[in-house]
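J.: So that we are looking at the same thing, I have put the structure below in structure tokens.
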Ligand code: GUN
């Protein structure tokens with residue numbers, strides 16, 4: 001079997017168009033413009049690229065973008081003061097503090113100082129708890145993007161065997177919660193899992209989110225399974241810089257029923273879902289109906 005390739009780039013463009021549509025309606029009918037504040041501390045080059053891209057896409061869908069760039073030696077007190085100001089600002093509906101933070105800042109403390117209703121990353125402990133108990137929450141962007149693609153491809157996920165490889169707070173754990181919410185039978189696998197190939201071979205859905213270059217070979221994949229590759233590993237191959245996933249694409253594409261490529265799969269969905277979350281937060285803040293198809 002040769003897999004259908006799930007085009008994350010095209011999917012993300014559709015999500016952004018949907019967001020832009022609803023933002024235009026909000027503006028016209030309610031005079032409201034959703035606003036996203038992004039806070040970057042320090043000069044990490046990868047973070048600078050992400051933040052620039054987030055700001056650009058925010059403006060492209062018609063939202064207001066507020067960028068706060070702070071020095072690498074910013075004190076915790078100053079950062080918390082800024083977050084407090086953003087929490088109280090009615091023009092700001094979403095707040096994202098770009099991670100990782102410089103080592104002298106307590107990441108948990110900083111994230112948990114964001115108003116949970118504005119926590120468009122879904123990292124605040126209240127949102128983690130709400131998601132875990134099946135209540136309305138802000139959902140982390142990457143797992144939300146994976147869920148949207150899975151729902152789009154399968155319709156219902158009910159009763160499917162899903163394995164999530166990786167147990168990070170940002171992807172693995174929330175992904176497992178979302179799949180459970182859609183009535184999958186979920187296994188969370190990780191570096192200590194015994195007989196990982198057998199665990200993966202039983203899965204109808206494989207989400208690989210370990211950050212290890214091509215660690216899932218095609219012969220672990222059940223014939224016809226859906227493979228979502230969250231890995232973004234930068235390597236040099238044939239003298240060129242390349243991005244490759246956690247799945248060995250060349251062999252997996254021969255066995256899977258559907259697969260996301262790297263690049264062009266999950267990656268573009270993350271910022272699209274950040275915009276969707278900002279729109280959702282804005283609608284909730286104003287007591288308006290939530291956008292359809294853009295939430296978990
Ligand atoms: N750094 C890398 N990915 C992310 C993300 O999704 N959110 C935040 N806040 N920081 C990141």
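The values are calculated or read from the model by the stated rules, or taken from the named source; none is laboratory data. All figures in this text were calculated on a predicted structure; none of them were measured in a lab. Here the Cβ positions follow ideal geometry from the backbone for every residue, glycine too, while neighbour counts run over all protein chains shown.
J.: Could you please give the count of residues in the stretch 129-143 that are within 16 Å of the ligand (Cβ to nearest atom) and more than 17 Å from residue 208 (Cβ to Cβ)?
T.: Going through the stretch 129-143 one residue at a time, the tally reaches 5.
J.: Being part of a loop (DSSP other than H, G, I, E, B) and closer than 28 Å to residue 83 by Cβ narrows it down to one residue among 138, 175; which is it?
T.: Answer to the selection: 138.
J.: Any residue in the stretch 111-134 that is within 15 Å of residue 83 (Cβ to Cβ) and in contact (Cβ under 8 Å) with a residue 60 or more places away in the chain sitting within a Cβ distance under 7 Å of a residue that is in a loop (DSSP other than H, G, I, E, B) and more than 14 Å from the ligand (Cβ to nearest atom)? List the pairs, counting only those 6 or more apart or interchain.
T.: Matching pairs, first to second residue: 118/92; 118/93.
J.: Can you tell me which residue among 177, 135 is within 19 Å of residue 274 (Cβ to Cβ) and touching a helix residue (DSSP H, G or I) at 6+ places or on another chain (Cβ under 9 Å)?
T.: 177
J.: Here's something else I'd like to know. Are any of the residues in the stretch 265-277 in a loop (DSSP other than H, G, I, E, B) and more than 17 Å from residue 179 (Cβ to Cβ)?
T.: yes
J.: Which ones in the stretch 113-133 are assigned to a loop (DSSP other than H, G, I, E, B) and either closer than 22 Å to residue 282 by Cβ or modelled with pLDDT under 95 (or both)?
T.: 113, 114, 115, 120, 121, 122, 123, 124
J.: Hey, another quick one. On the given criteria, is residue 281 within 15 Å of the ligand (Cβ to nearest atom), on the phi < 0 side of the Ramachandran plot, within 15 Å of the chain's Cα centre (by Cα) and part of a helix (DSSP H, G or I)?
T.: no
J.: Right, something else. Out of the residues in the stretch 177-191 that are within 16 Å of residue 295 (Cα to Cα) and away from the ligand (no atom under 16 Å from the Cβ), which is surrounded by the most Cβ atoms within 10 Å (Cβ to Cβ)?
T.: 179
J.: When the stretch 144-157 is examined, which residues are found to be in contact with a strand residue (DSSP E or B) (Cβ under 8 Å, 6 or more places away or on another chain) and in a helix (DSSP H, G or I)?
T.: 146, 149, 150, 153, 154
J.: Now, a different point. Among the residues of the stretch 144-166, which ones are over 15 Å from residue 15 (Cβ atoms) and within 16 Å of the ligand (Cβ to nearest atom)?
T.: The one that is over 15 Å from residue 15 (Cβ atoms) and within 16 Å of the ligand (Cβ to nearest atom): 166.
J.: Consider the stretch 230-264. How many of its residues are part of a helix (DSSP H, G or I) and within 16 Å of the ligand (Cβ to nearest atom)?
T.: So the answer is 0.
J.: Another one. Given the criteria touching a residue at least 12 places away in the same chain (Cβ under 8 Å) and in contact with a strand residue (DSSP E or B) (Cβ under 8 Å, 6 or more places away or on another chain), does residue 167 qualify?
T.: Taking the combined requirement at face value, the residue satisfies it.
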